[in-house]
1. Looking at segment 32-59, which of its residues are within 23 Å of TYR22 (Cα to Cα) and surrounded by fewer than 16 Cβ atoms within 10 Å (Cβ to Cβ)?
2. Please list, ordered by first then second residue, the pairs with beta carbon atoms under 7 Å, 6 or more apart or interchain, first in segment 39-53 and closer than 16 Å to LYS67 by Cα, second assigned to a loop (DSSP other than H, G, I, E, B) and among the hydrophobic types (A, V, I, L, M, F, W, C).
3. Checking VAL15 against (1) more than 18 Å from the chain's Cα centre (by Cα); (2) at pLDDT 85 or above, which test does it fail?
4. Within segment 36-46, is even one residue hydroxyl-bearing (Ser, Thr, Tyr) and modelled with pLDDT of 90 or more?
Amino acid sequence: MSVQLAAVLAQSSDVSFNVGYYLGGVIIGGLVGGAIGSAKNRVGLGVLLGALLGCIGWIIVAILPRKSPY
C-alpha cells in the first residue's frame with residue numbers, strides 16, 4: 001500500500017499550484033482573523049492567529065475579551 005501511495009504522490013500535479021492554495025488560505029485566514037480582531041481591538045493578534053491556525057484562530061480571537069482602546 002505505501003508503495004502505491006508513494007507512486008501517487010510522486011505523480012502529483014504542479015507544486016507551485018499547491019503552494020498557491022496554501023498561501024491563499026493563509027492570506028484569507030489572516031484577513032478574516034483581522035476582521036474579527038478589529039471588533040475586539042486586537043487586529044494584529046487576529047491576523048496572526050487567523051493566518052497560523054485558520055478557523056481555530058478565529059474562534060480564539062472571537063472569545064477573547066474586548067481590549068480597551070487606551
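1. Scanning segment 32-59 gives ALA35, GLY44, LEU52, LEU53, CYS55, ILE56, ILE59.
2. LYS40/LEU64; ARG42/LEU64
3. (2)
4. Yes, there is a match, as at least one residue in segment 36-46 is hydroxyl-bearing (Ser, Thr, Tyr) and modelled with pLDDT of 90 or more.
The values are calculated or read from the model by the stated rules, or taken from the named source; none is laboratory data. Note that this is a predicted model, so its numbers are computed, not measured. Note that we place each Cβ from the backbone using ideal geometry, even for glycine, and neighbour counts take in every protein chain shown.
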